[in-house]
Each structure stands twice: as structure tokens, then as C-alpha cells.
Amino acid sequence: MEMRQLRYFVAVASERNFSRAAEKLHMAQPPLSRQIQMLEAEMGTELIDRTVRPLKLTAPGRLFLKQAEQILAHAEAAKKMIERSAHSGKQSVVFGFVASTMYGRFPALIRGFRKVAQDVEINLIEMSSLEQIPALKEGRIDAGFGTQRFEDPAITRVLLREEDMLVAMPETHPLAQENGPLPLSRIAQEPQILYPSLPRPSFADQVLAVFHDHGISPNIAHEARELHIAIGLVAAEEGIAMVPEAVRRSRMDGLCFRPIVENPTSPIFMSFRRDDNSRPIRQMMEVICDMYPGWGYAKPEGLRKELEKRDALSRA
């Protein structure tokens, strides 16, 4: 089995047509058909049902497609890591992050990482939790810090902690003058500003789920593209917004943050490729485990187990 055969198979599965797949691959159709036949012969079963139009995958073909896509993604990720290392002359790492983490502990974690990994070139890219999954699989980032729960067999996702949600409002808002946490039923009566509007699912869907889990329908006034736009709209008295606790460090004038009676939380995850045993990823895990207790957070259990697993593999 060759890598090119996997690429050919994925192209045919995507296009559901040999002619279009051949055009996409910039090759003639007969050689493409022969390569797929050779692949099927090696697998010992048909992967594509050629008796229907458009073509469709057989049951073994559907299983094989998932594996082929993962193998190609891993190969591309390895290629990009080598290219980055060769280009810079030293090891490099790329971290993806959602915007809200920049208001929290993420900048301090990066400073801590720089101290222990002085020979590593660091690149930071803002991207949504949803965007981090393909970026990891394609090798565009090496680890992602996000807030969404996604499952992918090629990705390891570790819960770092649960962050309290607060409600942001103008200082002049009547709710800002009340004492104590605010109930969701009262918050829902006010015009809500959600973010980000795209891509979905996102933190906006977490907020909607909090309301819906309590049988409450919120009054949605705006869907902002980005976090800083959402809190800007709040400061402009366009509505109120539920935000991660870290956003209270935004220091934007005219804002007030209040706790919520039901105490909803938003998870913070670290994600990385399942087979990535590189030194920078391990160093970031160790930095988080070292720094979290100093901030009053529990050492992430998932990271502790991951480090133990890596230690066991290194001793084997």
C-alpha cells in the first residue's frame, strides 16, 4: 500500500466519480482506476460500489476511508513539523487559542513555557475551537486551547479546568445595582449578545445550552463575530452577555461583571495529536501542571495521566 493510493482513494470517495477524481488529481482516469483496483486487491475486498451512480463506498470502504484520512493527515502533520524545524534551524511549536483565553492564564502559561523551552520557536494563532481540529490534523498547529467538546480519534483532548461564567453588563444597567448573584430567569429577560456568530458550534452554543437546560428562552439581540465586539456592544448599552470569568480582566470602561445563581461553567481544553510525543508538547503539559496550583487551580488530572503514560513509554 502506498500513500498515493490512499490519496487516490480519498479523492474518489470525495468526488464519487472516477472522472472528476482523476481531474482533481491531474491524472488520467485509467491509471487511477488501476490503482484503486490494486488497493482493493491488497485489502481483499471491494471498497467502492461501481454498480450505482454516483459511486458509493461499501461498508469496508467507509471504514477504510476514516483510516486513510487519518494516515494522510498524520503524514501531512509530520511533513509540516519537519519543514518548520528545517526552516527555522531549531525546533518550533505552534499553539492555537480561542480569544477568551488571552484574558485568562494563557499569556502567563506562554511566558512560563518560554522560560523552560528557550531553544523552541513559538508561534501563536487565534482560531476557534472548531477550527483547531483540522488545524491539528493537518499539522498547522501542534496544540490547541479551546472551550468546545469535540471527539476525534486522531486528537487527544484534556480538560484543564472549568471556568465560571459571568454576565457582563453596562455599569449603568439596573441589574448592576442589585446585590448578589443574578438568576438566569432574570438575565434572560434582557437583550442578549452572543459570540462568536461563526463558526458554529461555539461559545454561543454553550450559552444557549445553559438557558435551555434550565427551560429558559433568552432574548437574543445581537450575534457578534468576535469577543471584543461583543463586550464593546455591552459597553455601548446594546445588551448584556454571558462571558468566561477571565473576560473581567478586559479593563474596558463602563463594564460590570456579575456572578450567576446557577453557577454555569465553561470548560478549557488542551488538544494535541494523539501520537505527538514531542518535547515541546510535554514541556507545555509540565508548565501547566506546575503553574496551576499557584493560581488556586487543581493540577489537571488528564495531564498528570498523560505525563505518566509518556514516562512509561520512555522507560519501555
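Taken together, the values in this text are just the output of simple stated rules run on the coordinates, not laboratory data. None of the values given here were measured: they were computed from a predicted structure. We place every Cβ from the backbone using ideal geometry, glycine too, and count neighbours over all the protein chains shown.
Some values worked out for this structure:
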item: Spread of Cα-to-Cα distances over 5 Å intervals beginning at zero, given as percent, for the range 20-175; result: 2, 7, 11, 14, 14, 12, 10, 9, 8, 6, 5, 2, 1, 1, 0
item: Sites Q37 and R200, calculated FRET efficiency, Cβ-Cβ separation with R0 30 Å, nearest 0.05; result: 0.15
item: Residues with amide H under 5 Å from that of E163, placed H, sequence gap 5 or more; result: S266, I268
item: Phi to ³J(HN,Hα) by Karplus 6.51 cos²θ - 1.76 cosθ + 1.60 over the range 54-67, Hz, x for Gly, Pro; result: x, 4, 9, 7, 6, 4, x, x, 5, 5, 5, 4, 4, 5
item: Calculated P(r) tail over 24 Å for the range 90-316, as whole % of Cα pairs; result: 46 percent
item: The range 168-316: relative contact order in percent, alpha carbon pairs under 8 Å with at least 6 residues between; result: 28 percent
item: Fraction of antiparallel bridges per DSSP, the chain only, in percent to nearest 5; result: 60 percent
item: Per residue convex hull volume, Cα atoms of the range 3-77, in Å³; result: 82 Å³
item: Of K80/K305; K24/K80; K115/K137; K56/K309; K24/K137; K66/K305, pairs whose Cα-Cα distance is over 31 Å; result: K56/K309
item: E223 long-range amide H proximity, modeled H, under 5 Å; result: L194
item: Relative contact order, percent, the range 3-77 [alpha-carbon distance under 8 Å, six or more residues apart]; result: 32 percent
item: Over the chain: helical MRE at 222 nm, DSSP H runs n ≥ 4 each giving -39500 (n - 2.57), nearest 500; result: -13500 deg cm²/dmol
item: 5 angstrom amide H check on K56, placed H, neighbours 5+ away; result: D49
item: Backbone HN-Hα couplings from phi across the range 251-268 [Karplus 6.51/-1.76/1.60, Hz, Gly and Pro as x]; result: 6, 6, 4, x, 9, 9, 10, 10, x, 10, 3, 6, 6, x, 10, 10, x, 10
